[in-house]
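Notes for the one structure printed next.
The values are calculated or read from the model by the stated rules, or taken from the named source; none is laboratory data. Being a predicted model, the structure only gives us computed values, none of them experimental. Using ideal geometry, Cβ is built from the backbone for each residue, glycine included, and neighbour counts are taken over all protein chains shown.
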């Protein structure tokens, strides 16, 4: 157990410690002890000393009474008075004339480019839009440019060829339309083909047809190959003979012979020929002719 005297001593010591803490902490929190406050006060004091020194040197604003101030014109400039010189100097100095601008010099990049010959193996490339750096020329780029030029030339040639092919196709179509107008029945044949000979024998010898079927020998026609290709696209039949009635294909040599043997050829031709086919009849076969 602590004695009563020792307890009092401890209590007094604690109270004194608390008071000292509060005192010093209060001084630290005071605005006068803060760094910003002290620096501001020091700056104000320095400015005051500077103004005092200027006044002692003899530069000051002339004193005017209230009446003179009221009579002064608006916009009138004040002036400083120097004790060493009786001349007045304006508070705002007059603008001095600017020296003439120097002639524009050639940019550094252009000077560098002028120094580098075109046939050299190096070139300058821009970096960040301002500076340049000298590097070895990319020969692949020149090759790519040459290749692009060749491609352009080839594309021009391809365009010409395509245009020429389109014109030829138009001419072939016009030729085919002209042939189809010659007769309702057109026989596209080749002079050396035996199947073509069968079809021509049946249609030209065994039957009398008005108007007479028109024969086109593709191997003798100047556009025979193009006509045969166009017939293949339009009718789906790329071989000869190819017999057309009003523009529709009824088959080749074996088909014509088969229709004739079944006695269906005249009926088929009349149904497809319509009013354009005026007459069709089978010729009588003389005895012993077969």
Write out, first by first residue and then by second, each pair whose Cβ atoms fall under 8 Å of each other, whose residues are 6+ apart or on separate chains, and whose first residue, in the stretch 147-168, is surrounded by 10 or more Cβ atoms within 10 Å (Cβ to Cβ) while the second is modelled with pLDDT of 85 or more. 168/226
Looking at 274, 251, 232 in this structure, which one is at pLDDT below 95, closer than 22 Å to residue 168 by Cβ and surrounded by fewer than 18 Cβ atoms within 10 Å (Cβ to Cβ)? 232
Filter the stretch 235-248 for residues that are in contact with a strand residue (DSSP E or B) (Cβ under 6 Å, 6 or more places away or on another chain) and without any contact (Cβ under 8 Å) to a residue 60 or more places away in the chain; which is surrounded by the fewest Cβ atoms within 10 Å (Cβ to Cβ)? 235
Residue in the stretch 180-208 that is farthest from residue 266 (Cα to Cα), counting only those that are in a loop (DSSP other than H, G, I, E, B) and touching a helix residue (DSSP H, G or I) at 6+ places or on another chain (Cβ under 7 Å): 190
Condition test on residue 263, is it closer than 22 Å to residue 181 by Cβ and either under 55 Å from the mean Cα position of the chain (by Cα) or surrounded by fewer than 16 Cβ atoms within 10 Å (Cβ to Cβ) (or both)? no
Sole residue being over 58 Å from the mean Cα position of the chain (by Cα) and either touching a residue at least 60 places away in the same chain (Cβ under 8 Å) or in a helix (DSSP H, G or I) (or both), chosen from 172, 257: 257
Return the residues of the stretch 211-220 that are in a loop (DSSP other than H, G, I, E, B) and crowded, with 16+ Cβ neighbours inside 10 Å; say none if nothing qualifies. 213, 218
